[in-house]
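Written out below as structure tokens is the structure these notes cover.
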Amino acid sequence: MRFGGLALLAGLVACGTEDSEPTRSVSPIEATWMAKIVKDPGSFTTRVSASREGWIAVHRNDWSAAVAAGGDPASRAHGELARYYRVLAELDGEVWARLGERWRARGPLPAGSQIDWFVGTALNDAGREEEAKAWRSGDNPDATITARKALHDTIRGGAGDAAALRAPGFATLLHEPADGGTRDLSDPWLLHTLALDEARRASAAPPLDPSLFSGDLGAPLALPEPDTDPVADADACRERVRAMDAELDAWRVGATAAASPDGLALLHDLRLVDATRARALVDAAVGALDAGRPACALALGQLALDHESPREVGPANSPTLFAVVASADLRVGRTREALDAIDVLAHDAPEVEGLAETLGTLVVLEGLDRRGDSRE
């Protein structure tokens, strides 16, 4: 599921009278779901009444709980999960590619290891076939790996139980001997299979109310033109966020002054502005990643983070935020920071443990190489 474009604000829309005298400008936020429920709190009650617990789960970005609740919140959650796993799957492919490069740069691969097969298979599954040609892939004689591939094929075909893929320990596919210990190699298909399964479920039952708790902040504004200098590109994207924040602050002041007590309760108790702002920035960051602009994506992700709870998923910190930050960190050369972001997710999501393990191995190899360079 692709989410392109930048859901930022366009700025004030100027209006005038027939004799060109200026009148009060209208913020595009006034037309959004957030503004509507603050003005009419009863409409919010109506919208969530069919599945109150499910919508609460959507609001706090607890997508598993939203799926369990069923109905429209479950449909929304499947769409969120599809995008989340897609970002993680693309990150996983990149991690395997870099891990393979590091192993080869150090000399021959460990004798008897299947690292080369895992790298080639991960790259093929990520759609990076040209890169995969430099590695072994195809059928694997290991019975455990063959059975795992059959399970993935079944689930990708629309059958089977994807819940099994989230079981503790499932993400590690192979334990092989290594220097008197064990080397763990993670399932190279796992995150892609989850992304495809969630996308299929989302398309089978599109949400009837897609705007509620979305990142819609009004009129969209395209990403600034890309800059070949990553620092300049990140700065340009931050400038767009500053414009968005100025518009949001102005709207918040006006809405606070005009809202009824019930409207104020929704505005403050649900942290509507902060949560919607964060979702808008995550939408934008995913678009930047898709456009090959990791420095911009990282800047947007860092600005989206709720620094009151920087390592917790919540209304302003969705799982996709941490996935985007990790992916952008890796692509700008901050591998250690990427692992920090993934560790937040792996703590409560067993399906992310394999990615964390592979990324951790990459961190170790890069550290060894840096220490080797410093000795020279």
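The values are calculated or read from the model by the stated rules, or taken from the named source; none is laboratory data. The shown structure was predicted, so the numbers you read here are calculated from the model rather than taken from an experiment. Note that we place each Cβ from the backbone using ideal geometry, even for glycine, and neighbour counts take in every protein chain shown. The area values use the complete protein model at the heavy-atom level, side chains included, leaving out ligands, DNA and RNA. Shrake-Rupley method; radii C 1.70, N 1.55, O 1.52, S 1.80 Å.
Using a Gaussian network for the chain with springs between C-alpha atoms less than 10 Å apart, which of these wobbles most: Leu305, Leu270, Leu281?
For the chain, modelled as a Gaussian network with Cα springs under 10 Å, the answer is Leu270.
Please give the charge dipole size of the range 131-175, origin at the Cα centre, charges +1 on K and R Cβ atoms and -1 on D and E Cβ atoms. Round to the nearest 20 debye.
With only Lys, Arg, Asp and Glu charged at Cβ, the dipole is about 80 debye.
What number, rounded to the nearest 500 deg cm²/dmol, is the helix-based mean residue ellipticity at 222 nm of the chain, given -39500 (n - 2.57) per DSSP H run of at least four residues and division by all its residues? Spell out each step's value before the answer.
Details: 16 runs with 225 residues, N = 376.
Estimated from H runs of four or more residues: -19500 deg cm²/dmol.
Which whole-angstrom value gives the distance between the alpha carbon centres of the range 239-279 and the range 307-376?
If we compute the Cα centre of each part, the gap is 31 Å.
Please name whichever of Ser309, Ile342, Thr121 sits farthest to the positive end of the charge dipole of the chain, dipole taken about the Cα centre and charges placed at Cβ: Lys and Arg +1, Asp and Glu -1.
So the residue furthest toward the plus end is Thr121.
Hey, if you put +1 on the Cβ of every Lys and Arg and -1 on every Asp and Glu Cβ in the range 111-254, which of Pro168, Trp189, Ser214 ends up farthest toward the positive end of that dipole?
Of Pro168, Trp189, Ser214, it is Pro168.
Compute the distance in nm between two label points, each set 7 Å from the Cα along the Cα-to-Cβ direction, one at Glu30 and one at Val231.
Label-label distance for Glu30 and Val231, simple model: 4.2 nm.
I want the antiparallel fraction of DSSP beta bridges within the chain, as a percent rounded to 5. Walk me through the numbers on the way to the answer.
Working: 9 of 10 bridges.
DSSP beta bridges in the chain are roughly 90 percent antiparallel.
Go through the range 127-138 residue by residue and turn each phi into a ³J(HN,Hα) via Karplus (6.51, -1.76, 1.60, θ = phi - 60°); whole Hz please, and just put x for glycine and proline.
Running phi through 6.51 cos²θ - 1.76 cosθ + 1.60 with θ = phi - 60° gives x, 9, 4, 4, 5, 5, 4, 7, 10, 6, 7, x Hz.
Run the dipole for the range 249-376 about the Cα centre, Lys and Arg Cβ at +1, Asp and Glu Cβ at -1, nothing else charged, and hand back the magnitude in debye, nearest 20.
The calculation lands at about 400 debye.
Here are several values of Rg/Rh (Cα atoms, Kirkwood Rh): [x] 1.03; [y] 1.28; [z] 0.95. Which one was derived from the coordinates shown?
Correct label is [x].
So what are the ³J(HN,Hα) numbers for the range 308-324, from phi and the Karplus equation (6.51, -1.76, 1.60; θ = phi - 60°), rounded to whole Hz, Gly and Pro as x?
In residue order, the calculated couplings are 6, 9, x, 10, 9, 6, x, x, 9, 10, 7, x, 5, 4, 5, 5, 5 Hz.
If you count only protein heavy atoms with a 1.4 Å probe, what accessible area per residue comes out for the chain, rounded to a whole Å²?
On a per-residue basis, the chain sits at 46 Å².
Would you work out what percent of the accessible area of the chain, with all protein chains in place, is carbon or sulfur (probe 1.4 Å)?
Its accessible area is 54 percent carbon and sulfur atoms.
Taking all protein chains together and a probe of 1.4 Å, list Trp103, Trp189 from the most accessible to the least accessible.
Values: Trp103 40, Trp189 10 Å².
Listed by decreasing accessible area, they come as Trp103, Trp189.
Taking the Cα centre of the chain as origin, work out the dipole magnitude from +1 charges on Lys and Arg Cβ and -1 charges on Asp and Glu Cβ, in debye rounded to 20.
Dipole of the chain, to the nearest 20 debye: 380 debye.
Comparing Gly181, Gly360, Gly79, which has the greatest mean-square fluctuation in the GNM of the chain with Cα pairs linked when under 10 Å apart?
Gly181
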